[in-house]
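The structure under discussion appears below in the form of structure tokens.
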Amino acid sequence: MKSVNVNPTPIFSRRQFVAACAGVPFLGKFFFDEPFTYSVKGKINVADLGLTLIHEHVLVDFIGADKVTQDRWDHDEVINKVLPYLLEIKKRGIKSLVECTPAYLGRDVLLLQKLSKKSGLNILTNTGYYGASDNKYLPRFAFTETAEQLSKRWINEFRNGIDGTNIKPGFIKTSVNAGPLSELHQKLVHAAALTHLQTGLTICSHTGPALPAAQEIEILQKNGVSPSAFVWVHASGSDEDFEKIAKSGCWVSLDGVNEDNVEKIATLILFLKAKGFIKQILLSHDAGWYKPGEPNGGTFRGYTTISDKLLPLLKQKGFSEFDTKQVMLTNPANAFTIRIRKSNA
Ligand SMILES: [Zn+2]
């Protein structure tokens, strides 16, 4: 097992930061406004996130919104299966994992909290609904309620906790089909914008091609939300597509890293870097997926390809340690900081 040659220390440690602020009234105030997010264990300074995988899954239940219930899986069985995979990435210096499974697709925040405590990793969970796969994972009321009503439900999870717990979402997860946005999916994006303006939560939207991404960004801007609050999840397309969407200032999520595409992803990262977009790149595997209903959760994909294959390859191609920190540490910390980002358009 090869470990990554990355120093997991943040740019400055909290201790250095506090020391630097001591006795300086202005900086002292600044210290209390330190950028933060929520993990399943509570409020956390983003400086403590460390190396972060920004789009992974623990458990995904594809049974559909009308049938999914949390008694379809057993916490101990899932933990037995998943914990070793979390410990594998911890060994490689990864400190945080952003869990992107939304409600009605198997989000289980108490399960995530147990895994976070056992592994020592920070895990972020989300609020929001998933429209892709032709709405199979949308609850019935999502078809009839207004954007305002949906956003109230998400804001409520942010203010009061998820599923009767005190666990808060660290971001919004929504999703749209790959073509032009339907009215229903426009409504989901509108609800995400309204939620952002009340909570400051970053909006991660399962999107894919550039066309729906551009339409989502337009809706956000129309509602006063800056593209810098938007993560273009499963970003895909031509070099021109990437350039066009990245120019908006959104986050570009290259979250499908696997054994077969490391060369292609490395080339794309170097292209984006050359075009001046390195500060917007996010990397992850979209892996995991304990599947309830399959024997022992079915085939589970681990989260190590970035550490073991992609980062060494990038290094060979001239990526510096600073660049690696930028995409694996600084960018996730900035992307998931909870703060309201208004558009000036
Ligand atoms: Zn995913």
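The values are calculated or read from the model by the stated rules, or taken from the named source; none is laboratory data. Given the structure is predicted, the values throughout are model-derived calculations rather than measurements. Virtual Cβ from ideal backbone geometry, glycine too; neighbours counted across all protein chains shown. In case anyone asks, the SASA skips ligands and DNA or RNA and just uses the protein heavy atoms, side chains included. Shrake-Rupley method; radii C 1.70, N 1.55, O 1.52, S 1.80 Å.
Quick notes on this one:
- Gyration tensor verdict on the stretch 251-345 (Cα atoms; rounded if a/c is under 1.5, prolate if a/b is larger than b/c, oblate otherwise): oblate
- Normalised per residue, the accessible area of the stretch 70-212 is 38 Å², obtained with a 1.4 Å probe and no contribution from ligands, DNA or RNA.
- Shape of the stretch 36-193, Cα gyration tensor, a/c cut at 1.5: prolate
- Approximating the spin labels as points 7 Å out from Cα along Cα→Cβ, the Asp76-to-Thr144 distance works out to 4.2 nm.
- If R0 equals 35 Å, the separation of the Cβ atoms of Lys136 and Asn45 corresponds to a calculated FRET efficiency of about 0.40.
- In the context of the full set of protein chains, residues of the stretch 217-260 present 40 Å² of accessible surface per residue (probe radius 1.4 Å, heavy atoms only).
- Alpha-carbon centroids, the stretch 248-266 and the stretch 269-331: separation in whole Å: 7 Å
- Helical runs assigned H by DSSP (4 residues or longer) give the chain a calculated mean residue ellipticity at 222 nm of -11000 deg cm²/dmol, each run adding -39500 (n - 2.57) before division by the residue total.
- By accessible area, using a 1.4 Å probe on protein heavy atoms only, the chain has 53% of its surface on carbon and sulfur.
- Within the listed set Phe277, Phe230, Phe322, the Gaussian network model of the chain (springs between alpha-carbon atoms below 10 Å) gives the highest mean-square fluctuation for Phe322.
- The distance from the alpha carbon centre of the stretch 157-190 to that of the stretch 84-108 is 19 Å, rounded to a whole number.
- Accessible surface of Lys187, taken over heavy atoms with a 1.4 Å probe and every protein chain present, rounds to 40 Å².
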